[in-house]
Structure formats: structure tokens, C-alpha cells
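Comments concern the structure below.
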Amino acid sequence: MSTSPEQRPTDPVDAIIEQWAQVRPDLDTAGMEVFGRISRLARAMGDRMEKAYARYGISRGEFDVLATLRRSGEPYTLSPRQLSGTLMLTTGGMTGRLDKLERAGLLRRSPDPHDRRGLQVTLTVEGLRLIDEAVGAGLAEQTEALSALDEQRADQLADLLRELLIATER
């Protein structure tokens, strides 16, 4: 059962849409209604995630490196090139993150036994402990935000966003 427009709560995107309707009633703002909200939601959740990870002494970018190593499974080892490709980072950007995480004792770099020119990046025991705690904290933030929707609507939203993402990335 859908809420009528008069009963629906409003958000800042509604105000923007209304302003456009006043000055350019000829515009179709349906895309702005969707993508404006996605953008604002991504920014708000990004801020919440940054705060959650800061409690562990890491940034979102550093979380991404540790989480990628963790998701790779035992022995939690990837090459810097594999990490850069997965995270869509330049090698320079990756090097800075790896330097900081290595100094903190969360990962180690070692020679690749299969390629003497290459390196391997491996989670340390401390890095594994930290990422397991940090991912739980991040998921708790996401779950709390998603609690505004019942399970059926949250599943529906995930399905709709998947469809939109696939269509947009084609």
C-alpha cells in the first residue's frame, strides 16, 4: 500500500524538485529524484562508515584494503596489482595506503616466491582481528540505517538498485 503524496514525508530533494518545477516546469525530474537521493544517501552513509572505522584507527580507504585481503580467504594474500585492480586505485594511491597499514602492523609486504620482481601483501594476525571487528561495526551502522524499512521493502530496494546498477554499468 503506497502513501499518498500528501501523507509522504519530505526531504531536501523534494525541495530541489519543487524549485525546478517553479522555474522549469518542462523538465522531467524523475532521474533527479532517484539519483539525488542516492547521492545524498551515499554521502551520509559514507560519513557514518568513516566514523565507525575511525574507532579502529583506519579510514574507509584503509578499511577497503584490509577487507579486500580478508575476503580473499586464507592466506589473506594478494599482490599490490590485484589490490589496485579490485579497488580501482592507482599504484601510487595504493602504495600510500599500504605504507600506513604496514607501519600500523596490520599487513606485511614480502617478496612474491613465484615472481622475484613482485610483492605479496598479507594481513597480519592483528590486521585480521581488526578487520573482523571493523566490518562488524560497519555492518551495524548499515543495519541501523536500513531499519527504517521493513525486511520486504529493504529486499525490494536492494533488488531495484541491483537492476539499476546493472543497467547503468552496461
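Taking the numbered list (1) open to solvent by 40 Å² or more (accessible area, probe 1.4 Å); (2) in contact (Cβ under 8 Å) with a residue 60 or more places away in the chain; (3) hydroxyl-bearing (Ser, Thr, Tyr) in turn, Tyr53 passes all entries but (1). The single condition among (1) open to solvent by 60 Å² or more (accessible area, probe 1.4 Å); (2) touching a Gly at 6+ places or on another chain (Cβ under 9 Å) that Leu69 does not meet is (1).
The residue of the stretch 124-155 that is farthest from the chain's Cα centre (by Cα), among those that are open to solvent by 60 Å² or more (accessible area, probe 1.4 Å), more than 29 Å from Lys100 (Cβ to Cβ) and of a type outside the set (D, E, K, R), is Gln152. Residues that are among the polar types (S, T, N, Q), within 27 Å of Asp47 (Cα to Cα) and in a helix (DSSP H, G or I) are absent from the stretch 71-80 altogether. When Phe63 is tested against (1) crowded, with 16+ Cβ neighbours inside 10 Å; (2) out of contact with any Phe, Trp or Tyr (no Cβ under 6 Å at 6 or more places or on another chain); (3) in contact (Cβ under 8 Å) with a residue 60 or more places away in the chain; (4) not in a loop (DSSP other than H, G, I, E, B), just one condition goes unmet, and that condition is (2). Filter the stretch 90-121 down to residues that are part of a loop (DSSP other than H, G, I, E, B) and free of Cβ contacts under 8 Å to residues at least 12 places away in the same chain and give me whichever is nearest to Glu50 (Cα to Cα). Taking the candidates together, the pick is Thr90. One residue stands out among those in the stretch 22-38 that are open to solvent by less than 60 Å² (accessible area, probe 1.4 Å) and in a helix (DSSP H, G or I): the one that is nearest to Leu89 (Cα to Cα), which is Gly36.
The values are calculated or read from the model by the stated rules, or taken from the named source; none is laboratory data. In this text the structure is predicted, and so the values were computed from the model without any measurement. For neighbour counting, all protein chains shown are included, and Cβ atoms are generated from backbone atoms with ideal geometry for every residue, glycine included. In case anyone asks, the SASA skips ligands and DNA or RNA and just uses the protein heavy atoms, side chains included. Shrake-Rupley method; radii C 1.70, N 1.55, O 1.52, S 1.80 Å.
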